[in-house]
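Structure first, commentary second.
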Amino acid sequence: MNDITFTSINGSKKVISSSAIDAFKAQLAGSVYPAGEPGYQEARSLWNAMIDKQPAMVVNCSGTADVVACVKFARENNLLTCVKGGGHNIAGLASADGALMINLSPMKSVSVNASGRTAKVGAGCTLRNVDHETQAYGMAVPLGINSTTGIAGLTLGGGFGWLSRSYGLTADNLLSAEVVTADGKITQAGEGGEADLLWALQGGGGNFGIVTSFTFRLHPVGPQVLAGLIIHPFKDAPKVFRYYNSFVSNADDKLTCWCVLRKAPPLPFLPQDVHGKEVFVIAAIYAGGIKEGEKALEPLRKFGQPIADVIGTVPFEGWQQSLDPLLTPGFRNYWKSHNFVTLSDELMDTLLDYTTKLPSPHSEIFLGQLGGQINRLSPDATAYPHRDANFVMNIHARWQDKPEDDRCAEWARKLFDATAKYSTGGVYVNFISEGEQLVSSAFGKNMEKLSRLKAKYDPDNFFRTNQNIKPKA
Ligand SMILES: Cc1cc2nc3c(=O)[nH]c(=O)nc-3n(C[C@H](O)[C@H](O)[C@H](O)COP(=O)(O)OP(=O)(O)OC[C@H]3O[C@@H](n4cnc5c(N)ncnc54)[C@H](O)[C@@H]3O)c2cc1C
């Protein structure tokens, strides 16, 4: 092992001798990957190919003891750290140049307590790992819509998906967490521990410590559900969009319908002449009985003349993975996002107009339907404050080649600006591509309490590679 040059917490260079690295390694059960050595590229990899930050060294942690050792080593040597769960953060906040990357992705245990309806989940799990174990018991935690996302970043930002209208955010279902705090101590948040720390973890991001395991409340779901896609031709989009809007505003909590404006991918159930043309897609799930679901979805399925209706009875675990092929790693991605209470005619027309200007075949605008159980909590019940939003829009520019960066990001920025006047002004912390100025929009009125808790749990802002909350002076 050679000497390694790190970035220190104040941004200067800091050389750590080979003997100090060897002594650190001897404390770990997991593996260490200095920059340039075999295994480093995989260990530091992120979902968004736009981000190419180079940590000085990655530690693949095998458990809590390794996380404690990393925090203590970084503190003793004043090193900048970054923490990787699933590596999906759009802004690449799991990585930082010259940092010590604390990679939790090997920590994939899931243990279900069926009678108590809880699951204890390791911080390196993907959503797929969680669904796989909980569905064996016919239960689920409300998670996101792409199964390769990390449970850690998703939960710490809020987390919504197909079950959130029925059962709340992922963070709302967090009962307790084990956390390694900035002083290297193992602390319990929630049941049997610190209540205010749990509150901060329920939407305040990775600011308060490194969560090593999460304990969630489980709900009975599936294992079969009614779910699928309805795809309309773009020429009908203005009237379908308006119908969608009125239909979902009266939907019961078990029904969730997201819509996606994009060019049709070459899906086997779509006629070839539609491939590559703009379409209006509705993705729907009924998180209850199949018969009730058929009744609830009937009016939406009968409306207009869709090109395809592939709603059917499917395994819930499979539905959770159904959009994965459109969201594989390796592409360049840039996101802009707004929250909306309602969808006005002008807003819908603007979205349709920008759909005709999509910058690449893989780009899309999606509207996730929120509301239901999410919005029954008050904005200060957890750190996630957006309890008024009924829709979250993500403008997702996605392309392959670097020379396209400016053109694709520009399309997203223009649409973001054009729709700002319809938004609540709040933004989902996990959808921020860039811009520190958006951090206050992400935490809203909870910012003050979060800065106080930051001062309590991390007064030196040791955990700063995140959507950063500064400790209150
Ligand atoms: C394709 C795709 C689909 C998505 N779909 C949804 C969706 O349906 N619903 C939704 O709500 N969100 C969705 N997201 C957003 C997702 O919630 C965020 O990207 C989230 O940050 C991913 O978590 P991660 O662990 O993979 O992130 P990482 O990139 O590993 O980490 C994100 C941040 O959390 C910090 N962090 C990670 N682990 C820990 C830990 N254990 N303790 C403390 N801090 C930690 C990191 O340092 C970093 O700042 C999606 C993202 C992608 C890329």
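The values are calculated or read from the model by the stated rules, or taken from the named source; none is laboratory data. Since the structure is predicted, the reported quantities are computational estimates derived from the model, not experimental observations. In this analysis, Cβ positions are derived from the backbone assuming ideal geometry, glycine residues included, and neighbour counts consider all displayed protein chains.
Exactly one of (1) within 13 Å of the ligand (Cβ to nearest atom); (2) of a type outside the set (Asp, Glu); (3) surrounded by fewer than 24 Cβ atoms within 10 Å (Cβ to Cβ) is unmet by VAL130. Its number?
(3) is the only condition that VAL130 fails.
Only one of (1) under 30 Å from PHE303 (Cα atoms); (2) under 19 Å from the mean Cα position of the chain (by Cα) is not met by LEU226, so which one is it?
(2)
State whether one or more residues within the range 163-171 are part of a loop (DSSP other than H, G, I, E, B), out of contact with any helix residue (DSSP H, G or I) (no Cβ under 8 Å at 6 or more places or on another chain) and at pLDDT 95 or above.
Taking every residue of the range 163-171 in turn, at least one turns out to be part of a loop (DSSP other than H, G, I, E, B), out of contact with any helix residue (DSSP H, G or I) (no Cβ under 8 Å at 6 or more places or on another chain) and at pLDDT 95 or above.
What number of residues within the range 325-363 satisfy the criterion of being surrounded by fewer than 20 Cβ atoms within 10 Å (Cβ to Cβ) and within 13 Å of the ligand (Cβ to nearest atom)?
Residues flagged as surrounded by fewer than 20 Cβ atoms within 10 Å (Cβ to Cβ) and within 13 Å of the ligand (Cβ to nearest atom) within the range 325-363 amount to 7.
Just for the range 259-277: of the residues that are of a type in the set (D, E, K, R) and surrounded by fewer than 18 Cβ atoms within 10 Å (Cβ to Cβ), which one is farthest from PRO361 (Cα to Cα)?
The residue in question is ASP273.
For GLN202, state whether it is within 28 Å of PRO459 (Cβ to Cβ) and surrounded by fewer than 22 Cβ atoms within 10 Å (Cβ to Cβ).
So GLN202 fails the test.
Under the condition of being over 27 Å from the mean Cα position of the chain (by Cα), in a helix (DSSP H, G or I) and free of Cβ contacts under 8 Å to residues at least 40 places away in the same chain, which residue from the range 273-328 is farthest from LEU255 (Cα to Cα)?
Per the criteria, the residue is ASP273.
Residues in the range 44-91 that are farther than 15 Å from PHE24 by Cα, touching a residue at least 12 places away in the same chain (Cβ under 8 Å) and away from the ligand (no atom under 14 Å from the Cβ): how many?
Residues in the range 44-91 being farther than 15 Å from PHE24 by Cα, touching a residue at least 12 places away in the same chain (Cβ under 8 Å) and away from the ligand (no atom under 14 Å from the Cβ): 1 in total.
Scan the range 268-312 residue by residue and report those that are in contact with a Lys or Arg (Cβ under 8 Å, 6 or more places away or on another chain) and of a type in the set (Phe, Trp, Tyr).
Scanning the range 268-312 gives a single hit, TYR286.
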